[in-house]
Amino acid sequence: MATYWRLFIDVVTERSRRVLAGVLMSLNDPQWGRRGGNQGPPDLDELMRNFKQKFGTLFGRKGGDEGGGPGGPGLAQFGGGAGILLGLVVLVWLASGFYIVDASQRGIVLRFGKFLEETQPGPRWHLPYPIETAEVVSVSQVRTVEIGYRNTVKSKVPKESLMLTDDENIVDIQFAVQYLLKDPRDYLFNNRSPDESVLQAAETAIREIVGKSTMDFVLYEGRAQVTATAHKLMQEILDRYKTGINISKVTMQNAQPPEQVQAAFDDAVKASQDRERQKNEGQGYANDVIPRARGAAARLNQEAEGYRQRVIERAEGDASRFRQIVAEYIKAPGVTRDRLYIEAVQEIMTNTSKVLVDQKGGNNLLYLPLDKLMQMTNPSAALPDSGGKPVESAAHPEPVPPASRSRDALRTREREPR
């Protein structure tokens, strides 16, 4: 519509400019008034008639004033051209109300500045301006707000990034917030600058969380928890103000001490790491020594318990054996006494290396296997033979006959005739 009106005004202006240029050129002519006997200025009525004639030609008038009366054809032609132009203007005005909403967008229609409806994707139409207006808003576009930096983490904004912790330390934090629109109506009408509201809400949430945490927690073990808590707190603030915004992700780009104290902080970190290393070494040594000491203590306890049980069992066995011997002694004292004596002598003589010979008056030649006896007591010892050489020990020494057999042999030799 504006294009057609502009074209009409340009045509009229061009025609008027040409007429006025001709009048001015006549006035500036030095021979003006001397040609053709004209001694005065041009007639204004004639100029107006010329102007009307030229203006009438724009709408189809062919002649001068002929037929130019109230009922002439010039007026009819002028009325028909104006109607066509007016119809075109109306069509263009109505066509300006068409708009298209994409699948990722929503349309908001306003009537005289007041919310009327929310339109879904597809071709739509509303009453043209100034009655109704439409604004298309994207609901799937991911918008990003940066806090503490702009574009890159190196381009810091200290006013936003420097924050005070609970232990009275200062940390430098840069993070980004990504959000979507969940209600276009609230996004457009409830807040004057919703993107700025997201920035302020994010900074407020992060400052509150950092102000309640220690420096080590923010820089190291608590980074994931800080972002999760900030995400929840930001969403609560934006919902309270009805911004129509949904926080999708909060990302901490960088968290470090201020640059002015970075060197001192690195030294403190190294000292802390050395302390942790020494604590781990001490804990490792304790884990090695303590189980070993506990095992040795448990072994000693088990050995003592075994010794106690062994002594108790042996004492109980000896007591039981003594009671049995007493019972047998009561039945046969002599036999029991001799049997006890023989067993005691046998036990003693078995563990000795000496041989006792009971000889009754005589010089009986006895053969004693001294080399065998010495081998039993000391296998490494050897006796010299007749040639002065050591006698090799037998590979398998013969067992020494018991004392009872020795006595029987002696008795047998005593009875032999001399």
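Miscellaneous remarks
- Using the average count of surrounding beta-carbon atoms within 10 Å as a protection proxy, the listed peptides 207-220, 101-114 rank, highest first, as 207-220, 101-114.
- In the stretch 81-227, inverting the average of 1/r over every pair of distinct C-alpha atoms gives 19.0 Å as the Kirkwood radius.
- Estimated FRET transfer efficiency when R0 is 45 angstrom, pair Arg143-Asn280 (beta carbons, to 0.05): 0.45
- The tail of the calculated P(r) for the stretch 253-350 beyond 16 Å holds 79 percent of all Cα-Cα pairs.
- Gain on full extension, evaluated as 0.36 nm per residue between Glu221 and Glu117 minus their Cα-Cα distance, stands at 32.5 nm.
- Nitroxide proxy distance, nm - points 7 Å out along Cα→Cβ at Leu300 and Ile330: 4.7 nm
- Accessible area of the stretch 269-327 belonging to carbon and sulfur atoms, whole % at 1.4 Å probe: 54 percent
- Leading residue at positive end of dipole, the stretch 89-233 (Cβ point charges), from Ile173, Ala103, Gly211: Ala103
- Charge sum, other residues only, whose C-beta stays under 11 Å from Arg111's C-beta, Lys/Arg counted +1 and Asp/Glu -1: -1
- Over 24 Å apart at the Cα level, from the set Lys114/Lys249; Lys232/Lys270; Lys159/Lys212; Lys114/Lys182; Lys156/Lys182; Lys182/Lys232, are Lys114/Lys249; Lys232/Lys270; Lys156/Lys182.
- Dipole magnitude of the stretch 140-252, debye to nearest 20 (Cβ charges: Lys/Arg +1, Asp/Glu -1, about Cα centre): 480 debye
- Percent RCO, i.e. relative contact order, over the stretch 114-169, from Cα pairs under 8 Å lying at least 6 residues apart: 17 percent
- Potential extension, Lys242-Phe189 segment - 0.36 nm per residue separation minus Cα distance: 18.1 nm
- Charge context of Arg185, other residues only, Cβ under 11 angstrom, K/R +1, D/E -1: -2
- Per residue, the convex hull spanned by the Cα atoms of the stretch 162-236 measures out at 88 cubic angstrom.
The values are calculated or read from the model by the stated rules, or taken from the named source; none is laboratory data. Only a predicted model underlies this, so the values are computations on that prediction, with no experimental measurement involved. All Cβ positions, even for glycine, are placed from backbone atoms using ideal geometry, and neighbour counts span all protein chains on display. Areas reflect the complete protein model, heavy atoms only, side chains present, ligands, DNA and RNA absent. Shrake-Rupley method; radii C 1.70, N 1.55, O 1.52, S 1.80 Å.
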